[in-house]
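Visitor: Provided herewith is a single structure, encoded as structure tokens, for subsequent inquiry.
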Amino acid sequence: MAKLYFYYSAMNAGKTTVLLQSSYNYQERGMDTLLFTPLIDNRYETGKIYSRIGLHATAISFDKDFNFFEHTKHQMKNNPKLKCVLIDEAQFLTKKQVTELTNIVDQLTIPVLAYGLRSDFRGEPFEGSQYLLIWADNLIEIKTICHCGRKAIMNARIDVQGHIIKTGEQVQIGGNESYISMCRKHFNASIV
Ligand SMILES: [Zn+2]
């Protein structure tokens, strides 16, 4: 039975690497996958997913108005080998789009694997993650560690000098240089 999976973690835990590996596993078995990445992610060119360790793949860019269900349904009509949907930076999904993912699983009966951050740099939830945590069949944590060795569950935002930033817009895309993943204790100590 097809399921909706939410792979969540703090920054720099290797979510994108796991996504690309999962997609490759399908392709190795003769099945096609659909990859999605937010248009907002301008770290690299749009329409591509890059992992920090050098893997990359072509992806379809989505914005807040993109309809995942209609797009996937249309693609499946043209390609019977299409067997899995994978979404990078799934924290940026809207509530409506998370519902569309559940409809892909329940009506089109193929699995959807969504990968995203659980919380933003203020410790607040992202809309996409919030609803994925509720609606996904399976929740899988991808773990990374704080500088102290404990599991990192929070994301601190830093400026170019390496100082922790406490205020600002929720969405500001950056890689290693803009965020540090931390355990709760060190995150709390850093924002007081
Ligand atoms: Zn720590």
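Visitor: Would it be correct to say that GLN97 is free of Cβ contacts under 8 Å to residues at least 40 places away in the same chain and closer than 18 Å to PHE62 by Cβ?
Guide: Values: free of Cβ contacts under 8 Å to residues at least 40 places away in the same chain: yes; closer than 18 Å to PHE62 by Cβ: yes.
In short, yes.
Visitor: Kindly indicate the residue of the stretch 135-147 that is within 16 Å of the ligand (Cβ to nearest atom), open to solvent by 50 Å² or more (accessible area, probe 1.4 Å) and not charged (D, E, K, R) and also nearest to LEU93 (Cα to Cα) among those meeting that condition.
Guide: Residue satisfying both the conditions and the ranking: ILE145.
Visitor: Regarding the stretch 112-134, can at least one residue be identified that is exposed (fewer than 13 other Cβ atoms within 10 Å of the Cβ), within 29 Å of GLN97 (Cα to Cα) and away from the ligand (no atom under 15 Å from the Cβ)?
Guide: So far as the stretch 112-134 goes, yes, one or more of its residues are exposed (fewer than 13 other Cβ atoms within 10 Å of the Cβ), within 29 Å of GLN97 (Cα to Cα) and away from the ligand (no atom under 15 Å from the Cβ).
Visitor: Only one of (1) open to solvent by 20 Å² or more (accessible area, probe 1.4 Å); (2) touching a Phe, Trp or Tyr at 6+ places or on another chain (Cβ under 7 Å); (3) not in a strand (DSSP E or B) fails for ILE53. Which number is that?
Guide: (2)
Visitor: Only one of these conditions is not met by GLN107: (1) touching a helix residue (DSSP H, G or I) at 6+ places or on another chain (Cβ under 7 Å); (2) open to solvent by 50 Å² or more (accessible area, probe 1.4 Å); (3) of a type in the set (S, T, N, Q). Which number is it?
Guide: (1)
Visitor: Is it true that some residue in the stretch 160-175 is touching a strand residue (DSSP E or B) at 6+ places or on another chain (Cβ under 8 Å) and among the hydroxyl-bearing types (Ser, Thr, Tyr)?
Guide: No, the conditions are met nowhere in the stretch 160-175.
Visitor: Taking the condition of being touching a residue at least 12 places away in the same chain (Cβ under 8 Å), assigned to a helix (DSSP H, G or I) and farther than 28 Å from SER119 by Cα, how many residues in the stretch 72-94 meet it?
Guide: To start, the set of residues in the stretch 72-94 that are touching a residue at least 12 places away in the same chain (Cβ under 8 Å) comprises 72-73, 75-76, 79, 81-94.
Narrowing further to those that are assigned to a helix (DSSP H, G or I): 72-73, 75-76, 90-92.
Among the residues that remain, those that are also farther than 28 Å from SER119 by Cα are: 73, 75-76.
Residues meeting the conditions: 3.
Visitor: Right, next: Among the residues of the stretch 148-169, which ones are modelled with pLDDT under 95, loosely packed, with under 14 Cβ neighbours inside 10 Å and either within 16 Å of the ligand (Cβ to nearest atom) or under 23 Å from PHE92 (Cα atoms) (or both)?
Guide: Answer for the stretch 148-169, where residues must be modelled with pLDDT under 95, loosely packed, with under 14 Cβ neighbours inside 10 Å and either within 16 Å of the ligand (Cβ to nearest atom) or under 23 Å from PHE92 (Cα atoms) (or both): ASP159, LYS166, THR167, GLY168, GLU169.
Visitor: Scanning the stretch 170-189 for residues that are among the hydrophobic types (A, V, I, L, M, F, W, C) and loosely packed, with under 14 Cβ neighbours inside 10 Å, which turns out nearest to the ligand (Cβ to nearest atom)?
Guide: The extreme case among them is ALA189.
Visitor: Would you confirm whether any residue within the stretch 99-109 is assigned to a loop (DSSP other than H, G, I, E, B) and out of contact with any Ser or Thr (no Cβ under 6 Å at 6 or more places or on another chain)?
Guide: yes
Visitor: Output the residues belonging to the stretch 126-179 that are over 17 Å from ASN12 (Cβ atoms), of a type in the set (Gly, Ala, Ser) and in a loop (DSSP other than H, G, I, E, B).
Guide: Those that are over 17 Å from ASN12 (Cβ atoms), of a type in the set (Gly, Ala, Ser) and in a loop (DSSP other than H, G, I, E, B): ALA136, GLY168.
Visitor: Among the listed residues ALA57, ALA13, ALA90, which satisfies the condition of being under 22 Å from ILE134 (Cβ atoms), modelled with pLDDT under 95 and among the hydrophobic types (A, V, I, L, M, F, W, C)?
Guide: Only one candidate qualifies: ALA13.
The values are calculated or read from the model by the stated rules, or taken from the named source; none is laboratory data. For clarity, every value in this text was computed on a predicted model and none was experimentally measured. Don't worry about glycine lacking a Cβ; one is built from the backbone with ideal geometry, like all the others, and counts go over all protein chains shown. Quick note on the areas: whole protein, heavy atoms, side chains included, nothing else; ligands and nucleic acids left out. Shrake-Rupley method; radii C 1.70, N 1.55, O 1.52, S 1.80 Å.
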